[in-house]
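The values are calculated or read from the model by the stated rules, or taken from the named source; none is laboratory data. On a predicted model such as this, the values are computed, not experimentally measured, just so you know. All Cβ positions, even for glycine, are placed from backbone atoms using ideal geometry, and neighbour counts span all protein chains on display.
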Amino acid sequence: MMADYRIEIPHFHCLNYYEADRVMRIDVDFRDPIIYLSADLIEKWLPPNENISITKKDQDRILKNIYDELLKNNSKKRIVLE
């Protein structure tokens, strides 16, 4: 089964999280040997979806999705879920 989300890393300082027709930019510094992820990073969707509210449940789901993808695709980095 295909995931209903994906991530892209366009720059060393952020990632784009895609879910359905929405996109979220998340500030993560990929130059660091340890990548720290927390719910505080999950803030809002990019326009035109910036008015869609993000619940705690949404934050947790998005964070887990990002964590799983980074673990799968960045084996040289240590990823810490805070």
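Against the definition (out of contact with any Ser or Thr (no Cβ under 9 Å at 6 or more places or on another chain) and modelled with pLDDT of 95 or more), how does GLU19 come out, yes or no? So GLU19 passes the test. Inside the stretch 24-82, residues that are over 14 Å from the mean Cα position of the chain (by Cα) and not polar (S, T, N, Q) make up a count of 13. Whenever a residue of the stretch 41-54 is within 20 Å of VAL28 (Cα to Cα) and in contact (Cβ under 8 Å) with a residue 12 or more places away in the chain, its partners that are acidic (Asp, Glu) and assigned to a loop (DSSP other than H, G, I, E, B), lying with C-beta atoms within less than 7 angstrom and at least six residues away or across chains, give the pairs LYS44/GLU50. Is it true that some residue in the stretch 10-24 is free of Cβ contacts under 8 Å to residues at least 24 places away in the same chain and either of a type in the set (D, E, K, R) or touching a His at 6+ places or on another chain (Cβ under 9 Å) (or both)? Checked the stretch 10-24: no residue is free of Cβ contacts under 8 Å to residues at least 24 places away in the same chain and either of a type in the set (D, E, K, R) or touching a His at 6+ places or on another chain (Cβ under 9 Å) (or both).
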